[in-house]
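Notes follow the structure.
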């Protein structure tokens, strides 16, 4: 899919917000220093990382994308993986990307041992290996993706300060789709054409009124949600043109009718979950109920504990919980000791 002659063409950048991303990629492409690509899930952070790789001197090398566990389709599974340490998994991923680029998705969720290995890998490759402490040297450019709350992750000791400092100087912020109104028509046309070709529908255009509907939608699931909507439009459209009525049939009910900031809490949660469920095809998801509760409970307890200055008695009164129950919840969620709690992969935020 990615042709090395025109990598930048994969980034639709008619909006001011995305032009800034293209400019940042151009600034950082030729250097070998690590890069941090930040943004909401579904905004195309991996695509930006791939374009960065294809514009760099490493374009002939491999682009390897891995999850926080350092697993991915570009890293060959090995016998005994279930018991492998985070440090060993990280080394295996670095070897797979030798001479190229390693993208570590959701770098805040990488275990501590893996973060230490990444820091060592990003040190100057010409460093000497001491005989008493042999160190494997990697010719790899490391790129990490993350959401926007990095400083809180560092403060909570989820993300190593040293690793953060090594990457943050070359940070690229990818805007959410709701801030890229000028890009939406081109993105829609591109993906409608792609899916129409895929199913053999021939040329399928999108009417002006249909575009207007799509531009006004808040896109909580970002570009990942837009691709899903484009696929559904191709399937549902009856004629050779996608009309406004076709868009109304496939967009969630929040669409353009209610500004995102005016939605009730329940509507906002429903909208976020709808975007996630529309993108989960092909991914193994389990324990969804528990994961949703955890993501609601953690910020709630965070805020209440902050409001009460860490006083668990007052917090328990506000929450209507028994103090022992609150204490167990805080420990389980890692609110009181964030740095000691391991993080599962963020399936809800992919």
Original post:
Of the residues in the range 296-346, how many are crowded, with 16+ Cβ neighbours inside 10 Å, at pLDDT below 55 and assigned to a helix (DSSP H, G or I)?
Top reply: 1
Original post:
In the range 199-220, what residues are at pLDDT below 90 and at negative phi?
Top reply: 199, 201, 203, 220
Subject >> Within the range 132-238, helices (runs of 4 or more DSSP H) holding 3 or more residues that are touching a residue at least 12 places away in the same chain (Cβ under 8 Å), surrounded by 22 or more Cβ atoms within 10 Å (Cβ to Cβ) and not assigned by TED's automatic domain parsing to the domain that holds residue 50 >> reply: 184-199, 222-236
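The values are calculated or read from the model by the stated rules, or taken from the named source; none is laboratory data. As the structure is a computational prediction, the values presented were derived from the model and not from experiment. Note that each Cβ is placed from the backbone with ideal geometry, even for glycine, and that neighbours are counted across all protein chains shown.
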